[in-house]
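Chemist: I'd like to ask you about the structure that follows.
The values are calculated or read from the model by the stated rules, or taken from the named source; none is laboratory data. Here the structure is a predicted model, which is why all the values come from computation and not from measurement. Counting neighbours? That spans all protein chains shown, and the Cβs are built from the backbone with ideal geometry, glycine included. Protein only, heavy atoms only, side chains kept; ligands, DNA and RNA dropped before computing areas. Shrake-Rupley method; radii C 1.70, N 1.55, O 1.52, S 1.80 Å.
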Amino acid sequence: MAAPCSRMANRPLWQFITNVRRTGLKHTGVRQISLSSACRAATQTRSKTEGVASPWKLYGAVCLQRLPVISQERNPIEDQFAELMHQMELERSLLSDHEQRLLEDSERMTRKQADNYDSDEEEADYGGQETITAQDQEDSWEQKLKHFQPALRDRDVGGTPLGSVERCLGDSLVLLVQQTVGKETIWLLPQAQWEAGETLRQTAERGLNSLPEADFKATFLGNTPCGVYRYKFPKEVQTECCVGAKVFFFKAFLSAGSASQKEPFLWVKKTELQGYLKPPYLEKVDRFILNL
Amino acid sequence: MNPVIRKASFALHSRVLDQAGLLFRASVSVQHPIQGSLAFSNERQYRTMPTHGIGKYKHLLPKEAPKKKKERQQMKQIKTATDAEYGTLNVKVSGYDMILVEHYSQYIHNLCNRLGVKVAESYALPTKSTEVMVMPEQGTKMYVDAILKTHERIVQLSQLNATLCPTFMEVLLKNQPEGIQLSVKLHTEADYQARFKARPELEGLMAQMT
């Protein structure tokens with residue numbers, strides 16, 4: 001079986017090694033990236049030459065998604081079409097090895113039961129008789145299938161709370177947390193303020209790691225942010241050096257993790273985001289969350 | 001009397017013209033071997049026709065080098081990563097169901113074409129068969145339960161833009177079918193050499209030499 005193999009090599013160039021495997025919630029995504037020394041020097045010099053600070057506060061936020069675990073359910077039309085295609089393929093297909101074996105065995109049985117059966121001739125043709133016929137194998141396989149109990153598709157029959165990761169297994173979910181921004185506590189994607197000397201992606205990682213009582217292992221996909229949200233502070237808070245804030249979003253996928261149910265986490269589908277996020281924020285966030 | 005003389009003179013004139021024509025044509029035909037076209041020796045030459053050689057154009061084209069025999073396959077240069085782009089990446093799709101594996105690899109290839117990512121190569125690795133042996137509760141002899149075949153397809157990308165990468169990876173991950181493993185790695189020379197069959201005689205001779 002193709003096991004997830006993750007090669008980790010240390011080279012001074014850009015590297016992108018990731019291996020994602022769909023086995024329930026045991027996502028094993030290993031990722032390693034190492035900046036080249038030239039690139040790091042470039043970013044440092046850039047931050048030094050900016051003597052005048054911009055009036056915008058920078059935040060790095062992470063859009064953590066949990067990929068669907070099972071396949072989505074089909075529409076009635078998709079169902080019908082799938083059935084039709086299956087039937088067409090079956091009618092056009094040729095016999096497989098197993099089916100040919102079945103036919104040969106049945107022919108051999110009828111020949112054995114005929115009156116003019118010559119066992120020496122048969123054995124000369126086929127060599128030694130096989131002890132297990134294809135029909136026997138099929139019967140044993142059917143027996144095994146009866147013993148197999150597939151798990152339930154919908155584990156949240158009773159209605160799991162919104163904070164559970166195992167919510168809708170067929171869709172991809174986004175993590176929302178409740179944080180205090182300014183004076184109010186609102187639901188938003190986990191974010192942290194940027195400090196000098198680190199890349200925005202490291203800010204986003206820090207924001208994710210600093211969530212209390214949460215242990216999410218995420219795989220970031222790249223260094224480039226996928227979205228930006230810019231807003232100005234209300235007049236009374238505005239000073240000379242900070243007019244507003246810009247939030248840069250990074251995408252990441254959940255590889256492993258757990259969270260206690262007490263903390264205010266939410267795993268929501270894209271369609272449910274509307275109920276929790278503020279409209280201007282939602283507008284920007286909606287643009288980069290794919291509804292696949 | 002006059003017409004007879006006229007005929008004779010006319011005959012003389014025509015003979016002279018013919019000879020002159022022959023000389024002219026001979027000089028023209030001498031040039032043909034220099035041009036090096038052997039076909040003309042096989043064709044019938046209607047040299048008297050004014051349209052003789054009307055379709056000839058090869059003498060107007062620049063000289064082509066003679067066609068070389070197909071050279072031994074060399075490895076394509078493995079590109080290194082720059083600041084804005086990744087190097088040569090191998091996207092490996094593997095699984096038990098060949099239909100899903102092939103369709104998914106075709107989907108990745110088409111997606112790259114659409115997004116403008118250059119696909120260097122797209123090939124398949126040999127199928128690996130795994131025998132699943134089951135040991136019954138009574139007895140020690142294991143018997144073969146099933147044979148599972150693992151199919152692998154590789155799509156090699158050469159210049160993946162760093163800004164495009166997160167979106168590309170997300171689309172790939174969200175469209176991954178059930179039972180398919182996806183893996184993205186850097187392409188190395190060892191990967192390239194692994195595709196070739198081992199040549200034991202050659203290796204034996206090389207060992208003898210050293």
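Chemist: Quick check: net charge around A:Cys63, other residues with Cβ under 12 Å of its Cβ, Lys/Arg +1 and Asp/Glu -1?
Modeler: Surrounding charge for A:Cys63 is +3.
Chemist: What is the sum of charges, Lys and Arg at +1 and Asp and Glu at -1, for the other residues whose Cβ falls under 12 Å from the Cβ of A:Leu145?
Modeler: With Lys, Arg at +1 and Asp, Glu at -1, the neighbours total -1.
Chemist: For the range B:64-138, what class follows from the C-alpha gyration tensor (a ≥ b ≥ c being the square roots of its eigenvalues): rounded when a/c is under 1.5, otherwise prolate if a/b is larger than b/c, else oblate?
Modeler: In terms of gyration-tensor shape, prolate.
Chemist: Which lysines have a Cα less than 25 Å from the Cα of B:Lys185, not counting those fewer than 8 places away in the same chain?
Modeler: A:Lys26, A:Lys217, A:Lys251, B:Lys76, B:Lys79, B:Lys92, B:Lys118, B:Lys128, B:Lys149, B:Lys174, B:Lys197
Chemist: I would also like to ask the following. For the range B:52-210, which whole-number percentage of the solvent-accessible area (1.4 Å probe, protein heavy atoms only) is attributable to carbon and sulfur atoms?
Modeler: 56
Chemist: By average Cβ neighbour count within 10 Å, what is the ranking of B:196-205, B:157-166 from highest down?
Modeler: B:157-166, B:196-205
Chemist: Just checking the output field for B:158-165: average partner chain Cβ neighbours within 10 Å of each residue's Cβ?
Modeler: If you average over the peptide's residues, the count of other-chain Cβ atoms is 3.
Chemist: Still on this structure, I have one more. For peptide B:142-153, how many partner chain Cβ atoms fall within 10 Å of a residue's Cβ, on average?
Modeler: 1
Chemist: Just how far, in whole angstrom, is the range B:128-151 from the range B:171-204 if you go by their alpha carbon centroids?
Modeler: 26
Chemist: For a protection proxy built on the mean count of beta-carbon atoms within 10 angstrom, sort A:137-145, A:187-195, B:147-155 highest first, please.
Modeler: The densest-packed peptide leads the list: A:187-195, B:147-155, A:137-145.
Chemist: What is the distance in Å between the Cα centres of the range A:73-93 and the range A:196-259?
Modeler: 45
Chemist: Right, something else. Please give the peptides B:127-136, A:245-254 ranked by average Cβ packing (other Cβ atoms within 10 Å per residue), highest first, as a rough proxy for protection.
Modeler: The most tightly packed comes first, giving A:245-254, B:127-136.
Chemist: If you take the square roots of the eigenvalues of the alpha-carbon gyration tensor of the range B:114-210 and sort them as a ≥ b ≥ c, do you get rounded (a/c under 1.5), prolate (a/b over b/c) or oblate?
Modeler: It is oblate, given that a/c is not under 1.5 and a/b is not larger than b/c.
Chemist: Can you give the mean number of other chain Cβ atoms that lie within 10 Å of the Cβ atoms in peptide A:214-223?
Modeler: Shielding by partners across A:214-223 averages 3.
Chemist: Given points 7 Å out from each Cα along the Cα-Cβ axis, report the B:Leu125 to B:Glu137 separation in nanometres with one decimal.
Modeler: With each label point 7 Å from Cα toward Cβ, the separation is 3.9 nm.
Chemist: Sticking with this one: Chains A and B: what accessible area do they bury, summed, in square angstrom to the nearest 100, with a 1.4 Å probe?
Modeler: When A and B are taken together, about 2900 Å² of accessible area is lost.
Chemist: Looking at the square roots a ≥ b ≥ c of the eigenvalues of the Cα gyration tensor of the range B:150-193, which shape do they give, rounded for a/c under 1.5, prolate if a/b is larger than b/c, or oblate?
Modeler: Oblate, since a/c reaches 1.5 and b/c is not below a/b.
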